[in-house]
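Here's the structure we're looking at; comments come further down.
The values are calculated or read from the model by the stated rules, or taken from the named source; none is laboratory data. These figures come from a predicted structure and were not determined experimentally. We place every Cβ from the backbone using ideal geometry, glycine too, and count neighbours over all the protein chains shown. With ligands, DNA and RNA removed, areas are computed over all heavy atoms of the protein, side chains included. Shrake-Rupley method; radii C 1.70, N 1.55, O 1.52, S 1.80 Å.
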Amino acid sequence: MADYPVQKLTNLCYVINEQSEVLLIMKKRGFGAGKWNGPGGKVKTDESPKAAAIREVKEEVGLDIKNLTELGFIEFIWPDHLIDYNQRCHIYLTKEFSGEPRESDECRPAWFALDQIPYDQMWDDDKYWYPDALAGKAVKKRFFFNENNKIIKYENI
């Protein structure tokens, strides 16, 4: 199996409420602006991916989360001239949280029924792994993107 240079360590955390809805965020700025995604972001040098997920969810939507289940990771690989976008993203799921989601400078949160995920307004790869992740199944995949953020291939790792 080939090794690919991963430039960033990131995380996503999917919060599911008692109505079996998942909390997604509409990114307002930065990488992924204009797309729905799970809350999350970069892992700081001095923290674990799990600690970063807890911090990012609090910063982005104001929820305190606990008892996270780590589902695995996804590697996102871009062409050589976009190598700075490459990342390994740790995926978490939780049903335990307190607080009410609130909008921030970075994003607008909304709850979605699990059968009404807005895939047409999300990253191209999401339709390939969200169903498993939202069902609590392990996820270990690598996606290769072109310069237009479209998948050219993917593989299980």
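Points worth noting:
- Under 14 Å from a label point set 7 Å out along the Cα-to-Cβ vector of residue 20, the amide N atoms of segment 120-157 belong to 134-136.
- Take every DSSP beta bridge whose two residues both sit in the chain; close to 65 percent of them are antiparallel.
- Each of residue 132 and residue 44 was given a label point 7 Å from its Cα along the Cα-to-Cβ line. The distance between the two points is 3.2 nm.
- Computed from point charges on the beta carbon alone (+1 for Lys and Arg, -1 for Asp and Glu), the dipole magnitude for segment 1-89 about its Cα centre is near 260 Debye.
- The Kirkwood radius of the chain, taken over pairs of alpha-carbon atoms, gives through the Stokes-Einstein law at 25 °C and 0.890 mPa s a diffusion coefficient of 156 µm² s⁻¹.
- Put simply, the convex hull of the Cα atoms in segment 45-106 casts, on average, a shadow of 5.4 nm².
- Farthest toward positive dipole pole in the chain [+1 Lys/Arg, -1 Asp/Glu at C-beta], among 135, 86, 148: 86
- Range in the chain, longest, excluding exposed GluC sites (Glu not before Pro) [loop by DSSP; at most 12 other beta-carbon atoms within 10 Å]: 19-146
- Spin-label zone in segment 102-129 - amide nitrogen under 14 Å from a point set 7 Å from the Cα of residue 95 along the C-beta vector: 114
- Rounded to the nearest 20, the size of the Cβ-charge dipole of the chain about its Cα centre is 140 debye, with Lys and Arg at +1 and Asp and Glu at -1.
- Taking Cα atoms only, the orientation of helix 49-61 departs from the longest principal axis of the chain by about 60 degrees.
- Carbon and sulfur %, accessible surface of the chain computed with the full protein complex present, 1.4 Å: 45
- Computed helical MRE - 222 nm, the chain, DSSP H runs ≥ 4 contributing -39500 (n - 2.57), nearest 500: -4000 deg cm²/dmol
- Rounded accessible area per residue of segment 1-41, 1.4 Å, Å²: 48
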